[in-house]
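The values are calculated or read from the model by the stated rules, or taken from the named source; none is laboratory data. Since the model is a prediction, treat every value here as computed from it, not as a measurement. Cβ placement follows ideal geometry from the backbone for every residue including glycine, while neighbour counts extend to all protein chains displayed.
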């Protein structure tokens, strides 16, 4: 009978060594898995308690596949969904109506602060010239889109500003149905995007939600004097229902919402033919024309603020 090339005691020792090595490796893997899970729980606690951090990104995430089956801390490794670190020093911010008067100035301010901007505009009233200085900026992205249609954005979004909708009476009365849709469907689509992305969202509302006010100055406790069938109703009531949507999503859908009622505003990138009182004053003054005073002594159309 042929004899084995190795003595039996050496073969058994080698098998035992291999078994012990596998056991040690299993212990190390289990211990590593425990450490990573503990680290994730600690980081997850930070997500809940530090307001300026919403997600985390781990460079060692692919290694986690060795320590777990298909998921880790609620993250599905099979779909490669990885959280991302976001601090107040750098956010991804979507601005709907970003090529408009207020929106373009907001783009400039946030880019200067170092944030990444996604500008969404259908250019109904927005102007490409307003955003021309940013088009080659590495932190600026332009999407031509009407927010009346659902919007899908790849990647994270931390904040959303809804500055979309024609605000000049001359412009929003040109297409009153589209104005209503922009206010309602646009707000709804952006709120749904905020819900999916877990983003904070701000609605730019207006003093027009007070309708034809019976008091001046108006504060937030005043409910307004409104007309659902007037020539300005498409804008006034559209903005009111948008505020309602924001309130409901904040109260019941877990979306962090903000509402800002913007009154007479003027500044760079404003259309000289805007048609509102402040721009009219400025244009008439520059042309040396008589200034048109709106309203009456008893009920001025332009408040002191």
Pick from the range 118-148 the residues that are within 17 Å of the chain's Cα centre (by Cα) and either in a loop (DSSP other than H, G, I, E, B) or not assigned by TED's automatic domain parsing to the domain that holds residue 186 (or both): which of them is farthest from residue 181 (Cα to Cα)? 139
Only one of 228, 257 is assigned by TED's automatic domain parsing to the domain that holds residue 186 and closer than 20 Å to residue 178 by Cβ, namely 228
Among the residues of the range 251-263, write down those that are closer than 16 Å to residue 160 by Cβ and touching a helix residue (DSSP H, G or I) at 6+ places or on another chain (Cβ under 9 Å). 253, 254, 255, 256, 257, 258, 259
Give all pairs with beta carbons closer than 6 Å in which a residue from the range 118-142 that is under 16 Å from residue 270 (Cβ atoms) meets a residue that is modelled with pLDDT under 95 and assigned to a helix (DSSP H, G or I); count only pairs at least 6 apart in sequence or on separate chains. 125/171
For the subset of the range 200-228 comprising residues that are more than 26 Å from residue 106 (Cα to Cα) and within 31 Å of the chain's Cα centre (by Cα), which member is surrounded by the fewest Cβ atoms within 10 Å (Cβ to Cβ)? 221
Among the residues of the range 200-225, what is the count of those that are closer than 24 Å to residue 176 by Cα and either touching a residue at least 40 places away in the same chain (Cβ under 8 Å) or out of contact with any strand residue (DSSP E or B) (no Cβ under 8 Å at 6 or more places or on another chain) (or both)? 9
Within the group 202, 193, 188, which residue is at pLDDT 95 or above, in contact with a helix residue (DSSP H, G or I) (Cβ under 8 Å, 6 or more places away or on another chain) and assigned by TED's automatic domain parsing to the domain that holds residue 115? 188
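Confirm whether residue 242 is assigned to a helix (DSSP H, G or I) and either surrounded by 15 or more Cβ atoms within 10 Å (Cβ to Cβ) or at pLDDT 95 or above (or both). Reasoning before the result, please.
Working: assigned to a helix (DSSP H, G or I): yes; either surrounded by 15 or more Cβ atoms within 10 Å (Cβ to Cβ) or at pLDDT 95 or above (or both): yes.
Yes.
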When you look at residue 157, is it in contact with a strand residue (DSSP E or B) (Cβ under 6 Å, 6 or more places away or on another chain), assigned by TED's automatic domain parsing to the domain that holds residue 249, assigned to a loop (DSSP other than H, G, I, E, B) and surrounded by 15 or more Cβ atoms within 10 Å (Cβ to Cβ), yes or no? yes
